[in-house]
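One structure below.
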Amino acid sequence: MFKPSDRPRVFGLPPGADFPRHLVDGLIEKTEGLPPEVLGRTTLIVNTRRMARRIRSLFDAGPPRLLPRIRLVTDLGETFALGTIPAPVPLLRRRLMLVQLVQALIEREPDLAPRAALYDLADSLARVFEEMRGEGVSFDAIRRIDVSGHSDHWARALRFLTIVEQIEGGGTAPDPTARLRMVAEHLSATWPDSPPPGPVIVAGSTGSRGATNLLMQAVARLPQGAVVLPGYDFDLPDAVWMEQLSDPLLAEDHPQYRFRALTAALGLEPKDVEPWIGSVQNDARNSLVSLALRPAPVTDQWLAEGPRQDPAAAMAGVTLVEAPSAREEAQAIALRLRQAAEEGVRAALITPDRLLARQVTAALTRWDILPDDSAGEPLHLTPPGRFLRQVAALSHDRGGAAGLLALLKHPLCHTGAERGTHLLLTRALESELRREGPPFPDAGSLRGFAAEQPDAMARDWAEWAGTCAIAGEDAEPRALTQRVGDLIARAERLAAGCGAEGSGRLWEGNDGADVHAKLAELAAAAEVAGDIGAEDFTNLVTAILSGAEQRDSTIPHPHILIWGTLEARVQGADLVILGGLNEGSWPEAAAPDPWLNRAMRAEVGLLLPERKIGLSAHDFQQAIAAPEVWITRALRGSEAETVASRWLNRITNLLSGLGPVGQDALEGARVRGRHWLGLVAALDAVDPVPPAPRPAPRPPAAARPRKLSVTQVKTLIRDPYAIYAREVLRLRPLDPLMKAPDALMRGIVSHEVLERFVKEVTADPAALHAGHLVALTREVLEREVPWAEARLLWLARMARAAVDVVGGEAVRQEMGRPAGYELPGRVVLEGLDFALTAKADRIDLDGNGNALIYDYKTGQMSSAAMQMSFDLQLLLEAAMAERAGFHGLDPRHVIRAAFIGLGSDTREIEAPLDQLSSDEVWARFSTLIRQYLDPAQPFTSRRAMFSVATEGDYDHLARFGEWDVATDPTPEDVG
């Protein structure tokens with residue numbers, strides 16, 4: 001196939017070439033006129049299965065011919081040197097071997113990382129070891145690192161690395177990366193004496209990894225061997241190649257640095273790299289991009305070479321979309337992909353931003369287009385993955401009512417039999433928990449719930465749920481093998497359901513099978529991990545599942561593709577969309593390495609963080625040279641304005657500096673982008689809808705409320721619409737699923753504490769001291785409040801207020817004696833068929849039989865001025881007491897009514913009884929009720945709220961926000 005040569009044989013394809021297609025065309029061209037078996041004896045080594053499938057499909061398209069043997073780089077050990085190189089240890093097993101060591105390190109030095117990062121740290125440590133073996137770096141080099149100029153953190157990390165090497169390194173089976181290095185070294189040593197019988201070609205690899213680079217060198221030196229480089233920049237001057245790309249500390253982030261390192265190792269110069277086949281790429285664009293991406297020290301070449309560029313030809317077919325937001329960016333991309341699907345054009349979105357990829361996929365569902373997404377979905381986000389994570393969390397996380405119902409409502413829960421009955425019981429349980437609680441249900445509360453249900457299955461269902469779905473304490477570390485077995489058994493019982501065998505639908509489908517296989521892999525390797533705590537186990541399961549992906553079994557659209565940058569390196573498409581070209585996204589920010597910093601890596605010869613940036617730059621240089629290219633970015637992210645990718649920034653700066661020709665070419669690309677953004681705006685455009693009016697319903701007299709409590713009168717004055725929604729429409733705010741330690745509960749608890757305290761003080765005056773009040777508070781909180789944090793906080797508040805409360809109670813005890821607590825009251829307005837109800841917290845009587853009314857407040861108390869106009873609670877209670885409105889209490893003259901503060905404000909605020917007599921209060925109240933019983937009186941929303949910021953329970957029903965308090969109400973008769 002190849003002519004004899006005394007030099008290593010390296011070919012290249014320019015950026016933008018459809019690499020698999022050109023590779024196949026070149027193979028056919030080079031075997032033209034040769035016996036057909038030459039192609040059949042050729043071994044083609046590629047780096048991804050996707051590329052191997054594409055090459056095979058191109059050959060399958062015909063005409064008939066013998067096919068080359070297509071191998072993956074990672075599969076070489078299965079055919080070469082199989083008998084001399086040991087099998088690799090599974091990646092997961094190697095990581096689990098390190099978990100115990102990292103766990104001990106975190107326990108000894110907890111400031112290193114949180115326990116949730118246990119597996120992530122073990123994973124990063126394993127990657128360091130794999131990289132060392134792949135790059136041929138020994139631990140002796142690590143030990144020789146001088147850490148005197150580094151912080152204590154790096155010295156500590158280095159000590160730990162050397163300790164781990166002594167425990168884990170010697171005599172163990174190699175990991176896959178180390179084994180690939182061993183295979184490459186073996187082939188490099190044996191091939192010079194016994195080369196393969198047929199041609200060997202390594203195609204599509206950049207040689208960024210040490211083992212792959214070593215293999216490429218060995219193949220290039222074979223008599224019939226060759227390396228075909230993707231995206232080789234033939235426009236880069238020799239001086240830049242030889243001088244500027246020689247120092248990794250300065251040139252690692254350049255897209256062509258890896259090729260420079262490979263050719264230098266082979267003793268080749270840039271001119272020795274030959275084109276694999278004639279290309280029809282946009283040479284003007286390749287030249288422009290090559291100039292734009294020159295290393296920083298030689299960007300002055302823009303001035304010399306810029307005038308020789310052809311911006312119009314370079315930017316022909318380029319569209320620049322600068323969208324206001326990520327959503328509009330995704331919509332524009334989806335619109336273009338839809339057009340490509342209609343035209344039968346092969347189109348690919350290339351982006352490392354998975355959020356953008358998901359947004360584009362979601363936007364394409366509008367036209368029932370499912371793109372072929374190479375990334376798939378992480379297993380921990382699939383239904384079985386989420387279900388397993390919820391079940392694992394039961395061992396340590398008291399999720400309470402919300403966690404229990406989230407598990408019972410999961411689509412994979414109780415799928416073995418009687419799922420309909422299960423859903424009905426779950427719904428009934430949710431209603432019960434919302435109304436009555438408890439916030440943290442247990443097996444006993446579930447049995448109590450089941451006893452009230454008419455369904456015969458309820459008792460067995462409650463036992464099943466109480467056994468499987470209720471969180472339990474599992475604080476002690478246990479063997480990982482046991483935890484994995486318990487997790488699988490518990491998940492299968494929950495998936496099967498009450499009284500059913502098997503595992504329901506838990507392991508069905510591709511996602512179920514993949515999750516099951518991952519758990520089986522974990523179980524097989526668990527013996528090396530030792531004991532592990534419950535929370536650490538949950539984090540471990542999440543980390544392992546998140547590291548694997550599942551692809552949808554639905555057949556995607558054959559021409560609409562979404563690629564990550566790795567998959568796009570050796571693929572081709574008619575239309576290429578480079579999405580998310582912002583700093584931090586493309587290129588991605590380098591992940592922090594907790595073990596070795598940049599200087600330490602450079603000292604021992606490991607890969608620098610800039611390597612990923614250089615690979616991303618190479619991906620960009622390849623993709624932007626496609627026949628038709630879209631470049632998209634969002635000008636603003638979710639929180640702040642974004643910064644354009646450094647490569648896009650360089651290209652736009654270069655074009656802007658090329659005078660009117662370059663500026664016109666750049667503006668043309670932007671105009672084409674704005675056209676598509678205009679289509680997005682047109683697509684999302686809706687007919688204007690007038691805002692909702694400010695509601696003021698007028699129900700008929702028969703439907704108007706005939707009973708209110710004294711606390712609702714304030715609402716009737718300030719927000720009549722809330723009374724309409726509650727009393728006329730019979731709408732109630734939905735009770736929260738998780739009972740929270742809110743102001744209402746604090747008020748209930750404080751009322752109980754004060755009631756008991758006053759009763760005991762009345763019976764025994766010696767109990768009137770702050771210590772007794774605090775002790776009573778602690779006792780009631782322990783019984784009524786299940787949240788430890790709330791108990792501590794509320795007890796501390798009562799302790800601060802105790803002295804003032806006790807001092808005020810001493811005065812109140814001298815003024816009168818309690819006659820009743822929580823006294824119910826009811827008075828009917830004469831001639832109106834309307835009842836006013838109340839429940840007085842406390843009513844005292846003095847020596848003359850006069851009444852004193854008290855109301856306990858833990859929140860803000862109404863001033864006397866506010867009570868005159870809005871908060872009539874105390875004034876109305878005083879009027880009711882004088883009209884014999886309280887149960888068991890004769891008509892009494894009220895000489896005092898006051899709010900008693902139990903929160904941060906411990907004052908007593910008295911009602912203005914001296915300014916407004918009970919008869920006047922009653923007359924004003926009667927007038928108010930008579931007015932609202934009139935069918936012509938509307939219940940206006942937010943008529944006189946305390947402030948605009950005050951929230952009401954029915955604001956969403958009134959569509960507050962579409963109107964404001966300056967909007968005139970719109971009275972409307974309702975039936």
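Derivation of every value follows stated rules applied to the coordinates shown; laboratory data play no part. Because the structure is predicted, anything quoted here is derived from the model rather than measured. Don't worry about glycine lacking a Cβ; one is built from the backbone with ideal geometry, like all the others, and counts go over all protein chains shown.
Determine the calculated [θ] at 222 nm for the chain from helices alone, applying -39500 (n - 2.57) to every DSSP H run no shorter than 4 residues and normalising by the residue count; nearest 500 deg cm²/dmol. Provide the component values of the computation, followed by the final result.
Working: 38 runs with 449 residues, N = 975.
About -14000 deg cm²/dmol.
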Would you work out which of 923, 819, 911 lies farthest towards the positive end of the dipole of segment 816-933? Charges go on Cβ: Lys and Arg +1, Asp and Glu -1.
819
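Can you give the net charge of the other residues whose Cβ lies under 15 Å from the Cβ of residue 418, counting K and R as +1 and D and E as -1?
On the way: positive: 419, 427, 459, 493, 505; negative: 455, 460, 463, 501.
Surrounding charge for residue 418 is +1.
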Could you grab the relative contact order for the chain? Cα pairs under 8 Å, six or more apart, rounded to a whole percent.
14
Acute angle (nearest 10 degrees) that the helix 91-108 long axis makes with the longest principal axis of the chain, alpha-carbon atoms:
50
Could you give me the ³J(HN,Hα) list for segment 16-21, computed from phi with Karplus coefficients 6.51, -1.76, 1.60 and θ = phi - 60°, whole Hz, x at Gly and Pro?
x, 6, 6, 4, x, 5
Point-to-point label distance, residue 803-residue 531, nm (Cα→Cβ direction, 7 Å offset)
5.0
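About the Cα centre of the chain, how large is the charge dipole given +1 on each Lys and Arg Cβ and -1 on each Asp and Glu Cβ? Please answer in debye to the nearest 20. Could you put the intermediate results ahead of the total?
Details: 105 positive and 131 negative charges, 252 e Å.
Result for the chain is approximately 1220 debye, rounded to the nearest 20.
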Expressed in nanometres to one decimal, the distance between label points 7 Å along Cα→Cβ at residue 701 and residue 972 is 2.5
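Relative contact order of segment 91-172, please, whole-number percent, based on alpha carbon pairs below 8 angstrom and at least 6 residues apart.
Numbers: 32 pairs, mean separation 21.7, N = 82.
Relative contact order for segment 91-172 comes out at 26 percent.
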Under 10 Å from the Cβ of residue 643, count the other residues' Cβ atoms, weight Lys and Arg +1, Asp and Glu -1, and hand me the total.
0
What is the dipole size for segment 735-815, taken about its Cα centre, with +1 at each Lys and Arg Cβ and -1 at each Asp and Glu Cβ, in debye to the nearest 20?
160
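Please work out the FRET efficiency for the pair residue 456 and residue 748, using the Cβ-Cβ distance as r and a Förster radius of 41 Å; give the result to the nearest 0.05.
Numbers: r = 37 Å, r/R0 = 0.91.
The formula returns an efficiency of 0.65 here.
Report the full-extension gain for the segment residue 21 to residue 406: residue separation times 0.36 nm, less the Cα-Cα distance, to one decimal in nm. Walk me through the numbers on the way to the answer.
Values: separation 385, 0.36 × 385 = 138.60 nm, distance 5.00 nm.
Here the segment from residue 21 to residue 406 would lengthen by 133.6 nm.
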Counting only residues 5 or more apart in sequence or on a different chain, those whose built amide H sits under 5 Å from that of residue 229 are 11, 12, 13
Can you compute 3J(HN,Hα) from phi for each residue in segment 580-595, using the Karplus curve 6.51 cos²θ - 1.76 cosθ + 1.60 with θ = phi - 60°, rounded to whole Hz and x for Gly and Pro?
x, 7, 10, 4, x, 10, 8, x, 6, 5, 5, 6, x, 9, x, 10
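What is the sum of charges, Lys and Arg at +1 and Asp and Glu at -1, for the other residues whose Cβ falls under 12 Å from the Cβ of residue 273?
-1
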From Cα pairs below 8 angstrom and at least 6 apart in sequence, can you work out the relative contact order of segment 292-437, rounded to a whole percent?
13
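Rounded to the nearest 0.05, what FRET efficiency is calculated for residue 815 and residue 671 with R0 set to 56 Å and r the Cβ-Cβ distance? Before the final figure, lay out the partial values.
On the way: r = 84 Å, r/R0 = 1.49.
Once rounded, the FRET efficiency stands at 0.10.
Working out 0.36 nm times the residue gap between residue 931 and residue 72, then minus their Cα-Cα distance, what length gain in nm do you get to one decimal? Walk me through the numbers before you get to the answer.
Numbers: separation 859, 0.36 × 859 = 309.24 nm, distance 8.58 nm.
The residue 931-residue 72 span can extend by a further 300.7 nm.
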Using amide H atoms built in the peptide plane, which far-off residues or other-chain residues are under 5 Å from residue 584 H to H?
589
Which of 792, 429, 295 sits farthest toward the positive end of the charge dipole of the chain, with +1 on the Cβ of Lys and Arg and -1 on the Cβ of Asp and Glu?
295
With point charges of +1 on the Cβ of Lys and Arg and -1 on the Cβ of Asp and Glu, referenced to the Cα centre of the chain, which listed residue (223, 162, 703) lies farthest in the positive direction of the dipole?
223
Which FRET efficiency, nearest 0.05, do residue 574 and residue 29 yield, Cβ-Cβ r, R0 25 Å?
0.65
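Multiplying the sequence separation of residue 381 and residue 524 by 0.36 nm and subtracting their Cα-Cα distance, what value in nm do you get?
Values: separation 143, 0.36 × 143 = 51.48 nm, distance 2.31 nm.
Here the answer is 49.2 nm.
Beyond a 18 Å Cα-Cα separation, which of these cross-linked pairs lie in this structure: 3/30; 714/857; 707/739?
Details: 3/30 10 Å; 714/857 16 Å; 707/739 29 Å.
The pairs that break the limit, which is 18 Å between Cα atoms, are 707/739.
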Could you give the size of the charge dipole of segment 91-172 about its Cα centre, using +1 on the Cβ of each K and R and -1 on the Cβ of each D and E, expressed in debye and rounded to the nearest 20?
200
